[in-house]
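Read the figures in this text as sums done on the coordinates, not as results from a lab. Fair warning: this is a prediction, and the values are worked out from it, not measured in the lab. Here the Cβ positions follow ideal geometry from the backbone for every residue, glycine too, while neighbour counts run over all protein chains shown.
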Amino acid sequence: MNKKILIAASNYWTSPYQVGSHHYARLFAKNGWEVLFISDPISPLHFLMKNKNQLKERYSIYKGEISSGTSNIKIYVPMALITPNEKPLFNSNFAAFKWSKLTFPNLKKYIENAGFGEVDILWFDSVLQSFLIDEIKYKKSILRLADRIESFKKISPGLIKAADKLKNKADTIIYAAKSLEDYVKIYKTKSFFIPNGVDFSHFLGGSAGFVPEDLKSIPKPIAIYIGAINEWFGFDLLFDVCKKCYDVSFIIIGEPSVNISKLKDLPNLYFLGKKPYNSISDYLYNSDVGIIPFNINHPVVDTINPIKLYEYMACSLPVVSVSWQELKLLASPAFLAGSADDFAAKIYSATSSGKKKEYIDFAKKNSWDKRFEEIIRIYNN
């Protein structure tokens, strides 16, 4: 009989932001495990929001209209009357710990009916689903920490308590950034550093021979950013860099969740919106440098081990990034900048660096496959 893993994830399965939980789910399935991938819940109140693009996809998964595309991965998005967030009432302990009691159909019954009421591994990438550690039978539980959750504005006091509960009760803690060591130091005996990685074979398959339609009229050289455009994005930095590099085209791929009006009138900056994960490599292979323009004063940035750095390099792109401690510890071949002037200068240096093999070799050494091997070693021991 195949082993079973239930993965409680933050991002839904078809999200354009494919993070660790997605990649590990695929690798468990590839190695013969049965996987149930449950992402964070939606609520009828979500339908009152302006931006409903992601909501439509999540609702389709809830209705069973979208599948994983892999026979041994089941995916689901719960529907609940309330979902935890930072707003009054929704930031309570009740919302953090009891929202699952208000799901329809009942989430615990859904899990049992799907055949995952008893699993070999109960895996948490999301603290919203902390209730599962008390409700599901498991042989081993794993909490994977990619960030210090208190740094996010939308994290309520109730969810911080949920995170503490999981840190206490989980059999194993995996943390994805060296700078999180202090965050888990009292759990040192059960904590393991396993950084983020890259689906190397996926990105190796891209080609500069195919140019996406919305790139064809954009002049080169191209500096590209792909990912979340959130509170930690360096809007002021990028504004200054675009002004300094007036002969470089800057492409942003992603769906802004904050105000981007400051950047919209820049003549050499192009917002192309979100793109399917499978098309990302086409954009990277037709660019000249990958950029990571974060706001280093935002507390989230301190603990980011950026997946995009590995993905850029898997496509042989040089990378220019702001500098923070985690990136220094990575000792990657990325160009690290300390100011807008430095960032702009290093964009020009990067486009003529000629170190494609070095970038590809770095990405190859940091594949999700290698990370998965470490996790299986921990599981078996």
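A few comments on the model shown:
- For segment 117-212, the gyration tensor built on C-alpha atoms gives a prolate shape. Its axis ratio a/c (a ≥ b ≥ c) is at least 1.5, and a/b is the larger of a/b and b/c.
- Taking N as its residue count, the alpha carbon Rg of segment 1-133 over 2.2 N^0.38 Å: 1.02
- Gain on full stretching of the segment that runs from Phe152 to Asn72 - 0.36 nm per residue minus C-alpha separation: 25.5 nm
- With both residues required to sit in segment 200-365, DSSP beta bridges show an antiparallel share near 5%.
- For the options Phe200, Phe47, Phe250, a Gaussian network treatment of the chain with springs between C-alpha atoms closer than 10 Å singles out Phe47 as fluctuating the most.
- Sparsely packed loop sites in segment 227-321 (the trypsin sites (Lys or Arg not before Pro) outside DSSP H, G, I, E and B with at most 10 other Cβ atoms within 10 Å) comprise Lys264.
- For Glu255, the amide hydrogen comes within under 5 Å of the amide hydrogens of Ile229, counting only partners 5 or more places away or on other chains and with H modelled in the peptide plane.
- Here Lys167 is the anchor, and the lysines within straight C-alpha reach of less than 21 Å, apart from those fewer than 8 places off in the same chain, are Lys98, Lys137, Lys139, Lys140, Lys153, Lys154, Lys178, Lys185, Lys188, Lys190.
- CD proxy at 222 nm, helix term only [per DSSP H run n ≥ 4: -39500 (n - 2.57); per residue of the chain; nearest 500]: -9000 deg cm²/dmol
- Summing Cβ point charges (Lys, Arg +1; Asp, Glu -1) relative to the Cα centre of segment 200-365 gives a dipole of roughly 360 debye.
- Lys, Arg +1 and Asp, Glu -1 on Cβ, resulting dipole of segment 321-381 about Cα centre, debye, nearest 20: 220
- When both segment 43-101 and segment 288-340 are represented by their alpha-carbon centers, they are found 31 Å apart.
- Value of relative contact order over segment 200-365, rounded to a whole percent, pairs C-alpha under 8 Å and six or more apart: 25
- Selection from Ala25, Phe104, Thr172 lying farthest towards where the dipole of the chain points positive, charges on Cβ: Phe104
- Rg and Dmax of the chain, Cα atoms only, in Å: 20.8, 60
- Relative intensity, log₁₀ I(q)/I(0), of segment 200-365 from a Debye sum that treats every alpha carbon as a point, q = 0.18, 0.20 Å⁻¹: -1.18, -1.51
- Packing-based order for 321-330, 62-71, 137-146, using average beta carbon neighbours within 10 Å, highest first: 137-146, 321-330, 62-71
- Gyration tensor (alpha-carbon) shape descriptor, segment 208-252, a/c threshold 1.5: oblate
- DSSP bridge analysis restricted to the chain gives an antiparallel fraction near 5%, rounded to the nearest 5.
- Only Lys, Arg, Asp and Glu carry charge here, each on its Cβ (+1 for the first two, -1 for the last two); on that basis the chain has a dipole of about 800 debye about its Cα centre.
- Percent of beta bridges antiparallel (DSSP, segment 1-136, rounded to nearest 5): 5
- Selection from Phe124, Ile224, Ile136, by position along the positive dipole direction of the chain (Cβ): Ile136
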